[in-house]
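Notes follow the structure.
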Amino acid sequence: MKKSLLITIFLLVASLGAVFLLLTSGNNIEKTESEKPLVLSMTASVEIPERMQFAGEKIAFDRYDKYERMDRELNSFTYFHSTTLLLLKRANRIFPVIEPILRQQGVPDDLKYLAVIESSLDPRAVSPARAAGLWQFLQSTGRQFGLEVGTEVDERYHVEKSTEAACRYLKDAYRKYGSWSAAALSYNGGQGRITTELRDQRTDEVLDLWLVEETTRYYYRMLAIKQIFEQPQQYGFILKAADLYKPMEFKEVTVSGSIPDLVAFAQENRITYAHLKDFNSWLRSNKLSNAAGKSYTILIPTKESLYYRKGEKPKVHNQAWVIK
């Protein structure tokens, strides 16, 4: 019985491998040498690049620790298929929103991959430590960098405002350490910890530090996801334009008073309460008291945006993500 089961499993894996090879071997897709997939089976180890750049900073993978850390993360994302596919799909909606903010704030575009690692591009994500939103701010850090955090309004869940706050944090850390790699690691480990370890371990190179495993892996996870996002087909991720999550279009409603009933507000704007909360997750209650009379902008998705229609091809943010 056990032998029969093992044979069945072996045949199933072999069949999946054959399908994978068919999809990635260039059948009906002409590829140049540089476009050929690096992953040729379900169990092949991924080739590690000799070097790459991240946020304008070069890193080589010839030293054993850098090579092995990149090897771990690149193989992990390559074979964690469902998660990596979902990241690519979500990026088509989220990146067009956050990239212009990074550019406007003078933060390198590559730092968008920090949001990928932090929250899997889920604006409603909450960690076990209660860090929240796309950029995973703790309450205290969110307030420190300009976000309103309360029972009715929590801007850690606001995509644009939390991105601006993340830029303020990263620029502050960059001014302190002089490198984006150190700024990124401090985002995970905290500036106090990074400063202390640089002093105690007597080095000025943050990638040479002995840190807790989560922080040590952090930077290489960003490098790995950047590598896959820039050439997903080489790592076996085959998507069509229709597979990506389409960018949403909104009508903006500015309010400076209270909204005693957000369910009624949603109905007045011809959307469901669920859709209101989905795209305005920073609204944490079923009302907006707004005793201070602040001005808030609420996003109302257009009816056309809410539906996928047969034959519709969502706008593709990065053509490298899809096959023609």
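The trypsin sites (Lys or Arg not before Pro) found in the range 193-281 that occupy coil by DSSP, while having at most 15 further C-beta atoms within 10 Å, are R202, K240, R270.
Membrane-span-like helices of the chain, defined as complete DSSP H segments with a Cα extent of 24 Å or more along the helix axis and a mean Kyte hydropathy of at least -0.5, are identified as 2-24, 81-105. Which entries in the list K112/K315; K58/K171; K176/K315; K58/K240 go over 30 Å, if you measure between the two C-alpha atoms of each? The pairs that break the limit, which is 30 Å between Cα atoms, are K176/K315; K58/K240. Here R63 and K287 are evaluated by their C-beta separation; at R0 = 56 Å the FRET efficiency comes out at 0.50. A compact globular protein would have a Cα radius of gyration near 2.2 N^0.38 Å; the ratio found for the chain is 1.13.
Taking the range 272-286 and a reference point 7 angstrom along Cα→Cβ of E312, the backbone N atoms nearer than 16 Å belong to 272, 275. Each residue, T272 and E205, gets one label point 7 Å from its Cα in the Cβ direction; the gap between the two is 5.5 nm.
Where in the range 235-259 does the amide nitrogen come within less than 18 Å of the point 7 Å from the Cα of K324, taken along Cα to Cβ? Flagged as within label range: 238-242. The range 51-243 has equivalent-ellipsoid semi-axes of 24, 24, 15 Å, by the square roots of 5 times the alpha carbon gyration tensor eigenvalues, sorted largest first. Largest GNM mean-square fluctuation across A266, A292, A184, computed for the chain with C-alpha springs under 10 Å, falls on A292. Building the convex hull from the alpha-carbon atoms of the range 250-306 and averaging its projection over directions returns 3.5 nm². Estimated purely from DSSP H runs of n ≥ 4, each contributing -39500 (n - 2.57), the mean residue ellipticity at 222 nm for the chain is -14500 deg cm²/dmol once divided by its residues.
Read-outs: derived from the displayed coordinates by stated rules, not from any lab. Computed from a predicted structure; not experimentally measured. Here the Cβ is made from the backbone with ideal geometry for all residues, glycine too, and neighbour counts use every protein chain on show.
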